[in-house]
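The values are calculated or read from the model by the stated rules, or taken from the named source; none is laboratory data. All figures in this text were calculated on a predicted structure; none of them were measured in a lab. Here Cβ is always computed from backbone atoms with ideal geometry, including for glycine, and neighbour counts include all displayed protein chains.
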Amino acid sequence: MVILHGLFGSSDNWMTQARMLSENFSVYTLDLRNHGLSPHDPIHTYEKMAEDVRMFVLSQAIGPVVLIGHSMGGKVAMLLACSHPELVEKLVVVDIVPKRYAPHHDQIIQGLKAMPLSTLSSRQEADLFLSNYVKDAGVRQFLLKNLNRDAQSGFSWKINLAVLAESMDEVLGNPLSGKMFLGPSFFLFGSRSEYYKKGDEEIIRSFFPEAEIDFLETGHWVQAEKPEAFVARVKTFLN
């Protein structure tokens, strides 16, 4: 099983869920390029991210795999499944639809860019500063997991913020034009999330005709808000 995180996320965000899933599966949680511990690169496209994952699967000789992706990671997972179905046994996509989304990260990016890294004295100070841009405390805590603190050089971002900001049009787009995955797939959404709109099931099944679609009573971070229910639902699909 290979797990891919969303925008501004990292493999750290999946540790709880990965531990629960590891009772039944071998689990790999990957940092996508320009995130976490993975290399920074000036090219941040779905094609390149899907190729990164493909090369990982081949290098570990673990395919075909169960592929799980949330948000941006969900689009990467969808693209890999459609482009290389021989590598994907089953697909789980969390709170994202294969469609173009309207811009909605502007305030987040503005706040992250404005963060006074050179003068920060604590994460609490960073949270207070970011509250001017991001009102939801849970979202702020998620974003601030990208802060790295070094005893010598102070605070810095783990993410490649400049490249991610420049790549927003790519991230918001749909990489699946003309592609389909005919294998088993499961799309799990938060019922309070704005990432799913009525009628999106038709879009999903135009690319994934065998798709199962379900909801949990959460917002966008389905797996973080209800980890036990999330894992239980995923296991039901996989079994």
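Here E47 passes the criteria (1) part of a strand (DSSP E or B); (2) in contact with a Pro (Cβ under 8 Å, 6 or more places away or on another chain) except the one numbered (1). Among the listed residues I68, I108, I96, identify the single one that is among the aliphatic types (A, V, I, L, M), on the phi < 0 side of the Ramachandran plot and either part of a loop (DSSP other than H, G, I, E, B) or modelled with pLDDT under 95 (or both). After ruling out the rest, the residue left standing is I96.
Condition (residue is modelled with pLDDT of 95 or more, among the basic types (K, R) and assigned to a helix (DSSP H, G or I)) applied to the stretch 189-197: is it met by at least one residue? No, there is no match, as no residue in the stretch 189-197 is modelled with pLDDT of 95 or more, among the basic types (K, R) and assigned to a helix (DSSP H, G or I).
Quick one: in the stretch 9-45, which of the residues that are touching a Leu at 6+ places or on another chain (Cβ under 7 Å) and crowded, with 21+ Cβ neighbours inside 10 Å is farthest from V222 (Cα to Cα)?
Pass one, the stretch 9-45, residues touching a Leu at 6+ places or on another chain (Cβ under 7 Å): 11, 27, 30-32, 34, 38, 44.
This time we only want the ones that are crowded, with 21+ Cβ neighbours inside 10 Å, so: 30, 32, 34, 44.
Numbers: L30: 18, L32: 19, N34: 23, H44: 25 Å.
Of everything passing the filter in the stretch 9-45, H44 is farthest from V222 (Cα to Cα).
Here's the yes/no breakdown for (1) in the same structural domain as A81 (by TED's automatic domain parsing); (2) buried (at least 19 other Cβ atoms within 10 Å of the Cβ); (3) outside any loop (DSSP other than H, G, I, E, B):
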position: L143; (1), (2), (3): no, yes, yes
position: R149; (1), (2), (3): no, no, yes
position: I159; (1), (2), (3): no, yes, no
position: F181; (1), (2), (3): yes, yes, no
position: A229; (1), (2), (3): yes, no, yes
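Could you please let me know if V92 is under 15 Å from the mean Cα position of the chain (by Cα), crowded, with 24+ Cβ neighbours inside 10 Å, over 13 Å from G183 (Cα atoms) and among the β-branched types (V, I, T)? It is false that V92 is under 15 Å from the mean Cα position of the chain (by Cα), crowded, with 24+ Cβ neighbours inside 10 Å, over 13 Å from G183 (Cα atoms) and among the β-branched types (V, I, T).
Cβ separations smaller than 9 Å between residues 6+ apart or across chains give the following pairs from the stretch 155-174 residues that are of a type in the set (D, E) to residues that are at pLDDT 95 or above: E166/P42; E166/H44; E170/H44; E170/T45; E170/Y46. Within the stretch 112-138, the set of residues being in contact (Cβ under 8 Å) with a residue 24 or more places away in the chain and in a helix (DSSP H, G or I) comprises L112, K113, L117, S118, R123, A126, G138.
I'd like to check something: does the stretch 9-27 contain any residue that is in contact with a Gly (Cβ under 8 Å, 6 or more places away or on another chain), closer than 26 Å to N148 by Cα, not polar (S, T, N, Q) and not in a helix (DSSP H, G or I)?
yes
Every residue in the stretch 159-208 that is acidic (D, E) and more than 18 Å from Y46 (Cα to Cα), please.
Initially, the stretch 159-208 is screened for residues acidic (D, E), giving 166, 169-170, 194, 200-202.
Listed by number, the residues that qualify are E194, D200, E201, E202.
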